[in-house]
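Structure record follows, encoded as structure tokens.
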Amino acid sequence: MNRAQKAELVEELHQQITTAPLVVLADYRRITVPEITELRQVLAGQGVTYRVVKNTLTRRAIEGTALEGLGPHLAGMTSIIMSGEDPIAAAKLLREATKGLKKGEHFEVKGGFFDGDTIDAAMVEKVADLPSKEELLAMLLRTIQEGPRQVLGVIQGPARDLVNLLKNYENKLSEGAE
């Protein structure tokens, strides 16, 4: 690869890595080619990018950005996983797709970048535990609907009490007439 191609690769990686809401660095040292191919396909199907780039080129791509804190993780065989629109869904997908690889110690998350901060491997797992966008929207909708529901219950209360009072009075009158 000549100097111009490297510069083009660094610029392309810089664009991808700075626009991704979640970036995860992982050690893929003991993963086989079929396993890595399957992992790439699973991740790409959900809009998540899996790339292997030389550490020096990756350092150049993150130089001068908020992602510069990832520098210490760029040692050894490092792959870069970049999320699409939904970082939570990407973290969940990564955890699910690499579950078997982690058991055999073939795939190890080194760290990542999420929400403006450099995070370690444990925090990447915690990101995967966060509720997804759809779950958050459902919780928001329930919260918005709860207020009017309670107001309606308060408004209907006196009418319901009046109906119960009249029903009890009617029962009392019918008992007295017998």
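Just a few scattered comments:
- Test: residue in the range 64-82 that is assigned to a helix (DSSP H, G or I) and of a type in the set (V, I, T): no
- Residues of the range 12-58 that turn out to be in a strand (DSSP E or B) and in contact (Cβ under 8 Å) with a residue 60 or more places away in the chain, as a count: 6
- Meets criteria (of a type in the set (K, R), under 19 Å from R51 (Cβ atoms) and surrounded by 11 or more Cβ atoms within 10 Å (Cβ to Cβ)) for K110: yes
- Across the range 17-47, the qualifying residues are those that are among the polar types (S, T, N, Q) and within 18 Å of A89 (Cβ to Cβ), and the one among them that is modelled with the highest pLDDT is Q41.
- Residues being over 16 Å from A20 (Cβ atoms) and either exposed (fewer than 14 other Cβ atoms within 10 Å of the Cβ) or not assigned by TED's automatic domain parsing to the domain that holds G47 (or both) - total across the range 59-101: 9
- Matching residues in the range 98-123 - criterion: being at pLDDT 85 or above and either part of a helix (DSSP H, G or I) or in contact with a His (Cβ under 7 Å, 6 or more places away or on another chain) (or both): K110, G111, A122, M123
The values are calculated or read from the model by the stated rules, or taken from the named source; none is laboratory data. None of the values given here were measured: they were computed from a predicted structure. Positions of Cβ are backbone-derived with ideal geometry, glycine not excepted, and every protein chain shown enters the neighbour counts.
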